[in-house]
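Chemist: So that we are looking at the same thing, I have put the structure below in C-alpha cells.
The values are calculated or read from the model by the stated rules, or taken from the named source; none is laboratory data. Note that the structure is predicted; figures quoted are calculated from it, not measured. Cβ atoms come from the backbone with ideal geometry, glycine included; neighbour counts cover every protein chain shown. To get the accessible areas, we keep the full protein, side chains included, count just its heavy atoms, and leave off ligands, DNA and RNA. Shrake-Rupley method; radii C 1.70, N 1.55, O 1.52, S 1.80 Å.
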Amino acid sequence: MRRPSSWLSIRLSSRPYRLRGLTVAGAALCATAVTALTTVTAVPSAASAVPSRSAASAGSSPSAPSVPSAATAPGRAESEPKAPDGFVALRSTDPTILQDIRYVTPHNFMGVPVDGYRQPVCILTRPAAEALHRAQRELLRRGYSLKVYDCYRPQRAVDHFVRWAKDLDDQRMKAEFYPRVDKSRLFLDGYIAEKSGHSRGSTVDLTLVRLPAKPTRPYIPGEPLRPCHAPRAERFPDNSVDTGTGYDCFDTLAHTDDPRVQGEQRAHRTLLKSTLERQGFVNLPEEWWHFTYKPEPFPDTYFDFPVSYRSLFPRG
C-alpha cells in the first residue's frame, strides 16, 4: 500500500487437499477455514479493488524496469498478456487461506473497482504461495488463519492509482482511508507511486483471522464511511483480528511498530510478522499488512496480465 519517506509504491482448486502432520484439532480448524473461505470470497464480482501502494516498499525499483506488454496477432485485436510459468493461484497451493480481494470491489481508497482486477483470485509466484502455505500450517495449529487482501497487482492497476491520486477533486473515500492525510500529499508521503512491488508477483497484503471465522458483510456503496484509524468497534467490520487500524489505512498508525499500538493489537501484529518472517517474508515497516517473499523470482519485472484465472490457463 503506501508509506512515507523513501519507499515507493502505488500501490479451487477442486482437487482434494491435505495438510500433513496436523492433529485432529488442527484438521478441524483447517476444515473451518475452508468453510469460512467460501463465505469470505463471495464478494460481489462487480466490486472494486483496494489498492495497496508498494513499489520500493517491496524492493528497490531498477531505473529501467521491464513491463511485459500484450502480444499482437496479425489481423487480430491485441490479446491480453498471460502470466509466465512460475505464477500460481494461491487456492491451488493452499485452499484453506481465506481470500478477501478488495480491489475487485468498490471498498477501497478510490471507491471503484481497480483496473485489471477481473476476478477475486490471489495470484502469486510459486515460491511465495508455498511460503504462505507453510505459514498457514503453523497458524492453523494455533487457531488462526491467514486472510489475503491483495496479491499480484497488474501495472494497469498501479496506473489507475496514479490517475486517481492526481485528481484532487475525487475524495469520495477520504473519510475512511485517508481522513488525516491531505490528498495532495499522497505522492510526497509515499502512499502512491508509479511502480509497485505487487506487480512483481511476490508481495502480498494480509492479516490474521481467529477461527472459527465469522463472515464479513459486504461494503454497500454510499454507506457512511468510518475512519480506518478509529477503535475497532467504530471501523468498518472485518472478521480479522484487531491490529489497530483497518486495511489500506493511509495513516502513520498503520506503521508496523508504531508505539501507540499496544496490548492485543501489538500482539497480533507481532504474531503475523514473526510467522511470515520465519518463512522468508520481509515486512514493509510502514504497513503492518504488507509482506514480500525473498528472494523474488522476478525482482526487475513489473507484469501487467489481468487478475483472473484465464491469465494462468492456458499459457503459451
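Chemist: Kindly check whether there is at least one residue in the range 68-82 that is open to solvent by less than 10 Å² (accessible area, probe 1.4 Å), over 19 Å from Thr207 (Cα atoms) and at pLDDT 95 or above.
Modeler: No, the range 68-82 contains no residue that is open to solvent by less than 10 Å² (accessible area, probe 1.4 Å), over 19 Å from Thr207 (Cα atoms) and at pLDDT 95 or above.
Chemist: Please go through the range 202-229 and pick out each residue that is exposed (fewer than 15 other Cβ atoms within 10 Å of the Cβ) and of a type in the set (A, V, I, L, M).
Modeler: The one that is exposed (fewer than 15 other Cβ atoms within 10 Å of the Cβ) and of a type in the set (A, V, I, L, M): Ile220.
Chemist: Assuming Phe281 fulfils every condition listed in (1) farther than 21 Å from Leu140 by Cβ; (2) open to solvent by less than 20 Å² (accessible area, probe 1.4 Å) apart from one, which condition is it?
Modeler: For Phe281, the failing item is (1).
Chemist: Can you tell me which residues in the range 239-257 are out of contact with any strand residue (DSSP E or B) (no Cβ under 7 Å at 6 or more places or on another chain) and either open to solvent by less than 50 Å² (accessible area, probe 1.4 Å) or in a loop (DSSP other than H, G, I, E, B) (or both)?
Modeler: Asp242, Gly244, Thr245, Gly246, Asp248, Cys249, Phe250, Asp251, Leu253, Ala254, His255, Asp257
Chemist: Another question about this same structure. May I ask you to verify whether Phe236 is more than 16 Å from the chain's Cα centre (by Cα), within 25 Å of Arg134 (Cβ to Cβ) and open to solvent by 20 Å² or more (accessible area, probe 1.4 Å)?
Modeler: No, not satisfied.
Chemist: Sort out which residues of the range 117-154 are open to solvent by 10 Å² or more (accessible area, probe 1.4 Å) and either under 19 Å from Val204 (Cβ atoms) or under 13 Å from the mean Cα position of the chain (by Cα) (or both), and write them in order of number.
Modeler: Scanning the range 117-154 gives Tyr117, Arg118, Gln119, Pro120, Arg126, Pro127, Glu130, His133, Arg134, Arg137, Glu138, Tyr144.
Chemist: In addition: Go through the range 258-267 and report how many residues are open to solvent by less than 20 Å² (accessible area, probe 1.4 Å) and closer than 20 Å to Arg210 by Cα.
Modeler: 1
Chemist: Let me ask something additional. For Arg269, are the conditions met, namely being out of contact with any strand residue (DSSP E or B) (no Cβ under 7 Å at 6 or more places or on another chain), more than 22 Å from Ile192 (Cβ to Cβ) and not in a loop (DSSP other than H, G, I, E, B)?
Modeler: yes
Chemist: Is there a residue in the range 245-267 that is within 25 Å of Arg118 (Cβ to Cβ) and touching a Ser or Thr at 6+ places or on another chain (Cβ under 8 Å)?
Modeler: Within the range 245-267, one or more residues are within 25 Å of Arg118 (Cβ to Cβ) and touching a Ser or Thr at 6+ places or on another chain (Cβ under 8 Å).
Chemist: Working only within the range 278-310, note down all residues that are touching a strand residue (DSSP E or B) at 6+ places or on another chain (Cβ under 7 Å) and not in a loop (DSSP other than H, G, I, E, B).
Modeler: Those that are touching a strand residue (DSSP E or B) at 6+ places or on another chain (Cβ under 7 Å) and not in a loop (DSSP other than H, G, I, E, B): Phe281, Val282, Asn283, His290, Phe291, Thr292, Tyr293, Thr301, Val307, Tyr309.
Chemist: For Leu146, which of the numbered conditions (1) at pLDDT 95 or above; (2) closer than 21 Å to Pro113 by Cβ fails to hold?
Modeler: Single failed check for Leu146: (2).
Chemist: Suppose the filter is basic (Lys, Arg), assigned to a loop (DSSP other than H, G, I, E, B) and at pLDDT 95 or above; does Arg260 pass it?
Modeler: Criteria met by Arg260.
Chemist: Additional query: If Asp182 passes every condition in (1) over 18 Å from the mean Cα position of the chain (by Cα); (2) within 18 Å of Thr252 (Cβ to Cβ); (3) surrounded by 15 or more Cβ atoms within 10 Å (Cβ to Cβ) but one, which one does it miss?
Modeler: Checking Asp182 against (1) over 18 Å from the mean Cα position of the chain (by Cα); (2) within 18 Å of Thr252 (Cβ to Cβ); (3) surrounded by 15 or more Cβ atoms within 10 Å (Cβ to Cβ), the one that fails is (3).
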